[in-house]
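The values are calculated or read from the model by the stated rules, or taken from the named source; none is laboratory data. Being a predicted model, the structure only gives us computed values, none of them experimental. Every residue, glycine among them, receives a Cβ derived from its backbone with ideal geometry; neighbour counts consider all protein chains shown. Protein only, heavy atoms only, side chains kept; ligands, DNA and RNA dropped before computing areas. Shrake-Rupley method; radii C 1.70, N 1.55, O 1.52, S 1.80 Å.
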Amino acid sequence: MNVDELVRDTLRETAADTVSVPAGFTDRVLAVRRRRRTRTLAGAAVATVFAVAVGVAVPVLNGRDEPRLASQMNRSDIIAHPDQTPPRDLIAAGDVAMAAYFTSATVEETPDRGLYLRTYRLLDQKTGKYVKTTKWSFLDVAPGMRTAAVLEKGLPTKRIGLLNLLTGEVERWITVDRAVAGVSFSPDGGKLVATTYSKNPDLRYRADYDSDGDGKKNDWEARFGQSERTGFYVLDVDSGDGSWSRVTGNEEDLNVRQDFAFSADGKLVYSGLTSEPHMQYYDFEGKEVDKPANEKYLHWFVDAGLSPNGKLAAGDFAGGARTTASAINDPYTGERLFTIPGQQLLAWADNKRLIAWDITPGANEFHNRLVLVTIGNKKTVPLSGFRQGNDGAAGRWEPIFAER
């Protein structure tokens, strides 16, 4: 059976399953050292027809004899490459696509200090392939996948670039008075929240123990409880105008890099915390406010967040020692409504399907791949090949999803 037949057979089996509703809810406690994965931007429409595209996403001509970009391909398509890791060609499902991904490595600066560096691969929308770039230290992709906010090397920096993803050129720079090291678009792409730091949050220090279990004391780690975060800007993308708010917080509740991100409606920003209540929300002037009613039971480390229609919330891991599963909860009560396959929920493809990391049952927890999971089904559709190595190992890739 070839890859094309495998994915189609999986889809047929998935469609035949029915929804089951498990009872009960057990909230999991966040470990201090769990780190934030890259925030995702989910789509807004339900895909009604399954179509599988396996192979290079070659643009086709539209009615005006212009090439159709990768982000414009039929949103009912599942574009999968289970034989590729890291991916070389477009991965997409429903309303979201993997707009970019990055690999990382810590580069030694002194015997005791290093710098965590990301190397990005951005989707070339004309060819459907991911193209390496070493220009940027940090980036986020706007909904529609036409623009990325980019930060240059040498964080923190006092300017933010708006990169045209069709031309590969920075169209405009937004300059700020206080240096930033993280950026994130609002759900509608109209605003940016830029997190300010007094020192590079990607500095790493030589560990005095074997942190990855390879038998060697050659590992790097961030110094927890020593956050250099100072606050955030909320900036209008079109004009570059905005204001800065001082927000520090208790260093014991923050990871060294603890960037701000927007709420689901784009009206507030929040910061993850390493202890209860796990998330703190702020208005655009930096005043602490209560969690929105439909985000009360979200956790910042579960990237998928709310479904596009706001009726479901992606939950934490709900599996066992040798099996994987994730919870889908009522966003207003926290009650578990469904348990679905998947090790970690990354993005909603529509109101019923999600992209997740998952492993082969019983396999090493870090030997995972991107899969498409469906509420009410036990089947998964593989989207990428398996990642190798341990958490934080050089060469492991992290996806960045965006609405297409």
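The conditions are (1) touching a residue at least 40 places away in the same chain (Cβ under 8 Å); (2) surrounded by 19 or more Cβ atoms within 10 Å (Cβ to Cβ); (3) hydroxyl-bearing (Ser, Thr, Tyr), and SER198 fails exactly one of them. Which is it?
Tallying (1) touching a residue at least 40 places away in the same chain (Cβ under 8 Å); (2) surrounded by 19 or more Cβ atoms within 10 Å (Cβ to Cβ); (3) hydroxyl-bearing (Ser, Thr, Tyr), SER198 fails exactly one: (2).
Does ALA181 qualify as being closer than 30 Å to ASP208 by Cβ and modelled with pLDDT of 95 or more?
Judged against the criteria, ALA181 is a match.
For region 76-97, name all the residues that are open to solvent by 10 Å² or more (accessible area, probe 1.4 Å) and in contact with a Phe, Trp or Tyr (Cβ under 8 Å, 6 or more places away or on another chain).
Residues satisfying the conditions are SER76, THR85, PRO86, ARG88.
Output yes when any residue across region 200-215 is at pLDDT 95 or above, of a type in the set (S, T, N, Q) and under 24 Å from the mean Cα position of the chain (by Cα), and no when none is.
yes
Here are some conditions: (1) under 23 Å from ASP112 (Cα atoms); (2) in contact with a Leu (Cβ under 6 Å, 6 or more places away or on another chain); (3) acidic (Asp, Glu). ASP253 meets all but one. Which one does it not meet?
(1)
Could you count how many residues in region 233-266 are under 21 Å from THR147 (Cα atoms) and surrounded by 15 or more Cβ atoms within 10 Å (Cβ to Cβ)?
13
Mind checking whether some residue in region 107-117 is surrounded by fewer than 19 Cβ atoms within 10 Å (Cβ to Cβ), more than 22 Å from the chain's Cα centre (by Cα), at pLDDT below 95 and among the aliphatic types (A, V, I, L, M)?
Taking every residue of region 107-117 in turn, at least one turns out to be surrounded by fewer than 19 Cβ atoms within 10 Å (Cβ to Cβ), more than 22 Å from the chain's Cα centre (by Cα), at pLDDT below 95 and among the aliphatic types (A, V, I, L, M).
Filter region 124-150 down to residues that are in contact with a helix residue (DSSP H, G or I) (Cβ under 8 Å, 6 or more places away or on another chain) and open to solvent by less than 10 Å² (accessible area, probe 1.4 Å) and give me whichever is modelled with the lowest pLDDT.
Only one residue fits best here, namely GLN125.
Hey, among GLY389, GLY362, which residue is on the phi > 0 side of the Ramachandran plot and without any contact (Cβ under 8 Å) to a residue 40 or more places away in the chain?
Step by step, each of GLY389, GLY362 is checked, and only GLY389 is on the phi > 0 side of the Ramachandran plot and without any contact (Cβ under 8 Å) to a residue 40 or more places away in the chain.
Only residues in region 139-160 that are outside any loop (DSSP other than H, G, I, E, B) count as the first member; pair them with residues that are buried (at least 16 other Cβ atoms within 10 Å of the Cβ) and not aliphatic (A, V, I, L, M), Cβ under 6 angstrom, at least 6 apart or cross-chain, and list the lot.
Hits for this filter: ASP140/SER184; ASP140/PHE185; ALA149/ASP140; VAL150/TRP136; VAL150/GLY161; LEU151/SER137; LEU151/PHE138; LEU151/THR157.
What number of residues within region 370-388 satisfy the criterion of being within 16 Å of ILE340 (Cα to Cα) and under 17 Å from the mean Cα position of the chain (by Cα)?
Looking only at that region, the number is 4.
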